[in-house]
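J.: This structure is in structure tokens; I'll ask about it shortly.
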Amino acid sequence: MASICSVLPALLCKFPAIDDGTIRLARKTIDDGFKGFVRSYGDAIDTVVQPLQWFLNYLEGAFVASPWILVLIVMVGVVYYGSRNVNITIGTALSMIAIGLVGLWNDTMITLAMVTVCTLISILIGIPIGILMARSDRVQSVVNPVLDVMQTMPSFVYLIPVVMIFGIGKVPGLIAVVIYAVPPMIRLTNLGIRLVDQEVLEAADAFGSSAWQKLKNVQMPLALPTIMAGINQTIMMSLAMVVVASMIGVGGLGKNVLQAIANQFFTVGFLNGFALVGIAIIFDRTSQAFGRRLQKHSEVIHG
Amino acid sequence: MASHAIEVKNLYKIFGPRGGDYVDAVKRGLGKAELNEKHGHVLGLQDINISMPAGGVMVVMGLSGSGKSTLIRHINRLIDPTAGEVLYDGVDVCKMSDNDLREFRRHKTAMVFQKFALLPHRTVLDNTVYGLEIQGVGKAESEKRARGWIDRVGLQGFENHYPNQLSGGMQQRVGLARALTNDADILLMDEAYSALDPLIRVDMQTVLLDLQKELKKTVVFITHDLDEALRLGDKIAILRDGRVVQQGTGQQIVLSPADDYITAFVKEVNRGRVINVETIMRPLSGNPEGMPLAMGMVLESAARAMTGAHVNAAHVVDENGRPIGALDLPTIISAMVTPTSHEDKRAA
Ligand SMILES: Nc1ncnc2c1ncn2[C@@H]1O[C@H](COP(=O)(O)OP(=O)(O)OP(=O)(O)O)[C@@H](O)[C@H]1O
Ligand SMILES: [Mg+2]
């Protein structure tokens, strides 16, 4: 290499980085600016997210404080109602009982509450943005790169601003999880609506449907299977992210995993890991079976 | 709610991002093939002028790709024209505001689609009430009206089936019931009967004719079947490459086709069901002979009546029973089998 560098001008050999002083200055300016922003608006932001905190605490309290048998019955009921599948229902009951037997019931309840809230918020944010994207190519071309960044940026990186703004706790954890889990919701809502048959839309137009009527009667129902796939993805990603979010103060199974890593508790780590896998499978199978049931109308294909 | 005529005036449609730039070139004679080759735009319609009769059935015919669906979509503006106007009751549909257009589509038009375009997630009944639901008609009332039409198109018992549980012909009839339930002044039917078997097809033609007797809607009907066109159409227009090559009554088109394209089109038609007795009668010479035939009777019925009565000669009488011409069985038969007029024209 040295030999090549002896003939090349130095500029082409060693990359001409901006000098350290400038970078340091830029970094300091941005960091200070951000900190200043957090200082001056911190209270306002806290007030805005306060309802989230209440909701999360309320749900967590409900899950943890209820007698386990009640929670189990409700869960089995929901799973059966959603999937109409006896195998999935029995599987759910058995996994929950196994989780309880190894003493992880409470932690699982905390994680369940967290995932439930994260999924609900992701749906609430994701579907409207997806609809907007489907309605306008310009919105799509703006939102898509943002989603790309959100999905590829290592999750630890955006924990930094989240912690700076919200500090440590459940709500910052929730926000981190939602940022991580909402992209598939947005993308698949957009995709589902864009895939709706043009001819059916034309028929809706021909009968004088308004934009809202078209959305409600045609686009959303026909996009629903794709949207359900998005919800399924979002749930899976929330479950993965609650473990990472335990680094900033989210309790539950993730926190146990984190402690197990720190202390090399092999068995504890795997037990908690399997509990997470268990609820992941329950959510996945139930939401998929529910999605399939929504497509009942397309079951019998006729020429 | 009398239906009005639809006037299509100087309508041009050029598909492509800069269609408007080529209207003048097309007016100066740029052809469909050349436009596509040189400029990458598709000529959909050019210089269409049709007056569609109020309360009558306007049939549009033409080969595949000749622009029939494009034309019918202009009437409820599913397609915006590149130039020209579509007038209904004096209002240009192409200039309506979004709101007016929506009201127009809701209350004045109903459409049957070539590819059915049913809502796959709704049952037959829920598809059929769609138009009324959009108008805001109550559930009980709209279901009552929908059930009536579902029965009339022969789908009773299938109310709760989903479209893809039905055959193509059944789906097409759902589309028909959906449009008829809307009870609009204008009925747009894009090959509405193309997927039906011959028996049901004739039955559905009767439905339309019965409807016309009572309600007199302005119907635009696209078909590839000339016999159907002649049976239903008060007026027929034939399109080729986006241009009207001939328009007029069925008789006019069958008896004097404008060019070889239309000659080829009408060659296979059952002439006995189209040509009227007065078209081929000769002037009366002396006393009327044989049996009387009413004006407007088609040759096939005349021949049937005459062979039934074992007579060889007949005379045509007008509404008041006065004899106005004469003809005999051989004349009728030869008019039914040989396309005299255009055969003569070619020979000349
Ligand atoms: N959206 C479009 N973009 C570009 N070209 C189009 C579009 N719609 C129709 N065309 C063209 O316009 C012409 C007429 O099409 P149209 O669908 O009106 O034919 P048609 O007479 O209804 O044929 P068919 O009997 O097969 O239904 C065709 O050459 C077609 O390629
Ligand atoms: Mg067509």
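J.: With labels modelled as points extended 7 Å from the Cα through the Cβ direction, what inter-label distance (nm, one decimal) is found for A:GLN140 paired with A:LYS14?
T.: 4.9
J.: Still on this structure: How much length would be gained if the chain were fully extended between B:SER301 and B:LYS213, taking 0.36 nm per residue of separation minus their Cα-Cα distance, in nm to one decimal? Intermediate results must be reported in sequence, preceding the final value.
T.: Working: separation 88, 0.36 × 88 = 31.68 nm, distance 2.19 nm.
Using 0.36 nm per residue and subtracting the Cα-Cα distance, I get 29.5 nm.
J.: Another question, then. Would you check the accessible area of B:THR307, probe 1.4 Å, heavy atoms only, in square angstrom rounded to 10?
T.: Roll a 1.4 Å probe over it and B:THR307 shows about 80 Å².
J.: Would you please classify the overall shape of region A:34-295 from the alpha carbon gyration tensor, given that a ≥ b ≥ c denote the square roots of the eigenvalues, rounded means a/c under 1.5, and beyond that prolate means a/b larger than b/c while oblate covers the rest?
T.: oblate
J.: Looking at chain A, do any whole DSSP H helices span at least 20 angstrom along their long axis by alpha carbon and average 0.5 or above on Kyte-Doolittle, and which?
T.: Correct list, ordered by number: A:68-83, A:86-101, A:105-135, A:170-194, A:220-245, A:266-294.
J.: Could you pull the Cα extents of the protein assembly as shown along its three principal axes, largest to smallest, in whole Å?
T.: Reported extents, whole Å, longest axis first: 124, 76, 48.
J.: Do any trypsin sites (Lys or Arg not before Pro) in region B:200-279 lie in a DSSP loop with no more than 13 other beta carbon atoms within 10 Å, and if so, which?
T.: Hits after loop and neighbour filter: B:LYS267.
J.: Compute the separation of the alpha-carbon centres of region B:8-41 and region A:228-303 and state it in Å as a whole number.
T.: So the separation of the two Cα centres works out to 57 Å.
J.: Please state, as a whole number in µm²/s, the translational diffusion coefficient that the Stokes-Einstein equation yields for region B:1-124 at 25 °C and 0.890 mPa s, with Rh defined as the Kirkwood radius across alpha carbon pairs.
T.: Translational diffusion coefficient: 154 µm²/s.
J.: In a Gaussian network model over chain A where Cα atoms closer than 10 Å are linked, find which of A:ASP148, A:ASP32, A:ASP107 has the largest mean-square fluctuation.
T.: A:ASP32
J.: Just tell me which aspartates and glutamates come within less than 20 Å, Cα to Cα, of A:LYS255; anything on the same chain fewer than 8 places away is out.
T.: Correct list for A:LYS255: A:GLU60, A:ASP107.
J.: At B:ASN287 and A:ILE23, where each label point lies 7 Å from the Cα along Cα→Cβ, what is the point-to-point distance in nanometres?
T.: 12.3
J.: Students often forget the sequence filter, so: which lysines lie under 24 Å Cα-Cα from B:LYS216 once same-chain residues fewer than 8 apart are removed?
T.: Within reach: B:LYS9, B:LYS68, B:LYS108, B:LYS144, B:LYS235.
J.: Between B:ARG322 and B:ASP151, 0.36 nm times their residue separation minus their Cα-Cα distance comes to what?
T.: Net length gain for the segment: 57.1 nm.
J.: Excluding ligands, DNA and RNA, what is the accessible area buried between chains A and B, summed over both sides, using a 1.4 Å probe, to the nearest 100 Å²?
T.: Adding both sides of the contact gives about 2200 Å².
J.: Moving on. Can you put A:MET237, B:MET52, A:MET247 in order of accessible area, largest first, using a 1.4 Å probe?
T.: So the residues, ranked largest to smallest area, are A:MET247, A:MET237, B:MET52.
J.: Obtain the nm distance between the two label points defined at A:PHE156 and A:ASN87 by a simple spin-label model: each point lies 7 Å from its Cα along the Cα-to-C-beta direction.
T.: Going from the A:PHE156 label point to the A:ASN87 one covers 4.0 nm.
J.: Could you state the principal axis extents of the C-alpha atoms in region B:272-347, from the largest down, to the nearest angstrom?
T.: Principal-axis extents of the Cα atoms in region B:272-347, largest first: 37, 24, 20 Å.
J.: Sticking with this structure for a sec: Just by accessible area at a 1.4 angstrom probe, what is the order of B:HIS161, B:HIS121, B:HIS41 from largest to smallest?
T.: B:HIS161, B:HIS121, B:HIS41
The values are calculated or read from the model by the stated rules, or taken from the named source; none is laboratory data. For clarity, every value in this text was computed on a predicted model and none was experimentally measured. Ideal geometry is used to build each Cβ from the backbone, glycine not excepted, and the neighbour counts take in all protein chains shown. All accessible areas refer to the heavy atoms of the entire protein, side chains included, with ligands and DNA or RNA removed. Shrake-Rupley method; radii C 1.70, N 1.55, O 1.52, S 1.80 Å.
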